[in-house]
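Since the structure comes first, as structure tokens, the remarks are kept for the end.
The values are calculated or read from the model by the stated rules, or taken from the named source; none is laboratory data. Note that the structure is predicted; figures quoted are calculated from it, not measured. All Cβ positions, even for glycine, are placed from backbone atoms using ideal geometry, and neighbour counts span all protein chains on display.
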Amino acid sequence: MNKTKIYTPRLKDQYLKQVMPVLQKQFNYTSSMQVPKITKICLNQGIGIAVSDRKLGEGAVVEMTSIAGQKAVTAKSRKDIANFKLRKGVAVGVRVTLRGNTMYEFLDRLISTALPRIRDFKGIDRKGFDQHGNYTLGITEQIIFPEINMDKVTKIMGMDITFVTTATTKEESLALLEAFGMPFKKENTNEN
């Protein structure tokens with residue numbers, strides 16, 4: 001009988017074996033089902049400049065697809081806005097939602113490869129949490145991802161990365177992301 005080993009991403013394995021027990025003990029959960037987890041990661045990139053240059057929009061979709069490892073889709077405007085020279089149905093953004101193994105693979109690449117490539121990196125800000133335990137991280141340059149070929153980049157654009165969790169508080173979500181290895185800035189303990 002042929003037994004093939006099913007592939008499990010490194011961070012998913014880490015979550016099950018290391019992160020869950022630590023968080024369960026830290027927050028005194030009675031069940032492992034109470035332990036917060038990341039349900040999805042959403043990547044969004046505004047391409048408002050693509051209104052005048054359509055090739056920028058097409059390039060942004062290709063770049064986002066290569067970064068995420070999953071097909072990205074364009075977000076189109078819903079109505080005409082004359083002040084912004086915007087017509088209904090014109091692409092104004094690119095987005096992709098990652099779940100499951102693809103999500104864990106992206107998170108691993110973000111933490112271990114992309115974030116350390118940011119110039120003068122001192123950690124990510126702790127202020128991106130909302131009241132529901134989700135965290136949003138803003139990145140100013142898409143070129144920090146190794147999947148992007150610098151020769152083919154026509155315009156440097158940023159993106160937002162949102163981590164949607166089952167955590168109910170900021171503290172739970174912060175502990176979850178820190179357990180995965182997210183490099184948050186150290187809090188200032190100086191009283192001056």
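Selection over region 114-141 of residues that are charged (D, E, K, R) and touching a strand residue (DSSP E or B) at 6+ places or on another chain (Cβ under 7 Å) gives a count of 1. Note on region 18-56: residues that are surrounded by fewer than 20 Cβ atoms within 10 Å (Cβ to Cβ) and farther than 19 Å from residue 166 by Cβ amount to 10.
Only one entry of 122, 186, 127 meets the criterion of being free of Cβ contacts under 8 Å to residues at least 40 places away in the same chain, in a loop (DSSP other than H, G, I, E, B) and under 28 Å from residue 36 (Cα atoms), and that entry is 127. Quick check on my filter: what residues within region 6-21 are of a type outside the set (A, V, I, L, M) and assigned to a helix (DSSP H, G or I)? Passing the criteria: 10, 12, 13, 14, 15, 17, 18, 21.
Check region 69-90 and report whether any residue there is under 26 Å from residue 14 (Cβ atoms), touching a residue at least 12 places away in the same chain (Cβ under 8 Å) and surrounded by 12 or more Cβ atoms within 10 Å (Cβ to Cβ). Scanning region 69-90, I find at least one residue that is under 26 Å from residue 14 (Cβ atoms), touching a residue at least 12 places away in the same chain (Cβ under 8 Å) and surrounded by 12 or more Cβ atoms within 10 Å (Cβ to Cβ), so the answer is yes. Here residue 97 passes the criteria (1) part of a strand (DSSP E or B); (2) modelled with pLDDT under 75 except the one numbered (2). Pairs meeting the criteria (first residue in region 18-34 and over 20 Å from residue 170 (Cβ atoms), second residue in a helix (DSSP H, G or I) and among the hydrophobic types (A, V, I, L, M, F, W, C), beta carbons under 8 Å, at least 6 apart or on different chains) are 18/179; 32/20.
Conditions tested, residue by residue: (1) over 30 Å from residue 92 (Cβ atoms); (2) of a type in the set (Asp, Glu); (3) surrounded by 13 or more Cβ atoms within 10 Å (Cβ to Cβ).
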site	(1), (2), (3)
114	no, no, yes
130	no, yes, no
133	no, no, yes
141	no, yes, yes
166	yes, no, yes
175	yes, no, yes
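Considering region 157-167, and only residues there that are in contact with a Ser or Thr (Cβ under 8 Å, 6 or more places away or on another chain) and of a type outside the set (Ser, Thr, Tyr), the residue that is nearest to residue 118 (Cα to Cα) turns out to be 158.
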